[in-house]
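Participant: This is the structure, below, for whatever I ask next.
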Amino acid sequence: MIIAGKYSFNKGEEVINHKYPHLLEEIQAVVHGVNASLCRSKTSKEKTMVGKILYSPKELNKLFKTEFKKLNWKDDKINKVYCDYPTQYYTANYKPKNSKAVRKPYRAMDFLKEKLGVEVQFGKYAFMVYNICAKMTIFKKLGFIDAGFEIVPIKQLADEMSTGVSYFEQFVWDLEKRGVSDIDIPVLVIGVDETE
């Protein structure tokens, strides 16, 4: 794959170039090591493109995971923060039903190394916003990361996926219109596309 766009949120590029230039090189190697053509394997069942062969976000994520693991990045199986959800905010008359929790809820970073957190997002728009505006802020507050890196598809690539997949250009527009808050951390957002 190629890096087709870069957006520095809250001085993300400046911070990463200064603190993590070696990890930036690794991330670039990961992106270039992903052969997206192997992931054009999903047959669409959507009304607007029945039978069209699309890129599979799940398969793309698997290839990214393989490439990051080669460079010893910790993956989401290790980077978990377990959640103890508060119950003191329930109203006095609310009584939750007893239910057995199969597993304890958690939040996780896709990849982590030396306090740089990386999220790879080929999903719906809300997940991109959540990654930068909530999850990365939480992981910073808990001391796991100092800066973040978000990998998303460029529009041209998103157009070759299922409908509803968000993309770099939309994400950048929204972040610019939102502005930076005092709790936001530095994040470098890159838009990726298939190899030229």
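Participant: Could you work out the relative contact order of the stretch 147-196? I mean the mean sequence separation of Cα pairs under 8 Å and 6+ apart, divided by the number of residues, in percent.
Facilitator: 60
Participant: How big is the accessible area of Leu175 in square angstrom, nearest 10, if you roll a 1.4 angstrom probe over the protein chains?
Facilitator: 10
Participant: Related question: Ranked by accessible surface with a 1.4 Å probe, highest first, in what order do Met136, Met49 come?
Facilitator: Met49, Met136
Participant: Same structure again: Going by average Cβ neighbours within 10 Å, how do the peptides 17-30, 114-127 rank, with the highest at the top?
Facilitator: With the highest mean Cβ count within 10 Å placed first, the list reads 114-127, 17-30.
Participant: So for Arg40, Arg178, what's the accessible-area order with a 1.4 Å probe, most first?
Facilitator: Largest accessible area first, the list is Arg178, Arg40.
Participant: Same structure again: Can you give the accessible area of Ser37, probe radius 1.4 Å, in Å² rounded to 10?
Facilitator: 80
Participant: Next up: Are there chymotrypsin sites (Phe, Trp or Tyr not before Pro) in the stretch 29-96 that DSSP marks as loop and that have at most 10 other Cβ atoms within 10 Å, and which are they?
Facilitator: Those that pass, being in a loop and sparsely packed, are Tyr89, Tyr90, Tyr94.
Participant: Counting only protein heavy atoms and using a 1.4 Å probe, what share of the accessible area of the stretch 94-196 belongs to carbon plus sulfur, as a whole percent?
Facilitator: The value for the stretch 94-196 is 55 percent carbon and sulfur by accessible area.
Participant: While we're looking at this one, here's another question. Taking a ≥ b ≥ c as the square roots of the eigenvalues of the Cα gyration tensor of the stretch 101-145, is the shape rounded (a/c under 1.5), prolate (a/b larger than b/c) or oblate?
Facilitator: Oblate, because a/c is 1.5 or more while a/b does not exceed b/c.
Participant: What length, rounded to one decimal in nm, is gained on full extension from Lys69 through to Lys97, with 0.36 nm per residue of separation minus their alpha-carbon distance?
Facilitator: Gain on extension, Lys69 to Lys97, equals 6.0 nm.
Participant: Using all Cα-Cα distances in the stretch 52-167, what percent lands in each 5 angstrom bin from 0 up to the longest?
Facilitator: The percentages, shortest bin first, are 2, 10, 17, 18, 16, 14, 10, 7, 4, 2, 0.
Participant: Which distance in Å, rounded to a whole number, links the C-alpha centroids of the stretch 59-135 and the stretch 167-195?
Facilitator: One Cα centre to the other: 19 Å.
Participant: With runs of 4+ DSSP H residues as the only contributors, calculate the mean residue ellipticity of the chain at 222 nm using -39,500 (n - 2.57) per run, divided by the residue total and rounded to the nearest 500.
Facilitator: Helices in the chain give a 222 nm mean residue ellipticity of -9000 deg cm²/dmol.
Participant: Could you give the accessible area per residue of the chain, probe 1.4 Å, as a whole number in Å²?
Facilitator: 58
Participant: Under the Karplus relation 6.51 cos²θ - 1.76 cosθ + 1.60, θ = phi - 60°, what is the ordered set of whole-Hz ³J(HN,Hα) values for the stretch 50-62, x standing for Gly and Pro?
Facilitator: Each residue's phi maps through the Karplus curve to give 4, x, 5, 8, 10, 6, 8, x, 4, 5, 4, 4, 4 Hz.
The values are calculated or read from the model by the stated rules, or taken from the named source; none is laboratory data. What you see is a predicted model, and the numbers here were worked out from it, not measured in a lab. For neighbour counting, all protein chains shown are included, and Cβ atoms are generated from backbone atoms with ideal geometry for every residue, glycine included. Ligands, DNA and RNA are stripped out before the accessible areas are found, and what is left, the full protein with its side chains, is counted by its heavy atoms. Shrake-Rupley method; radii C 1.70, N 1.55, O 1.52, S 1.80 Å.
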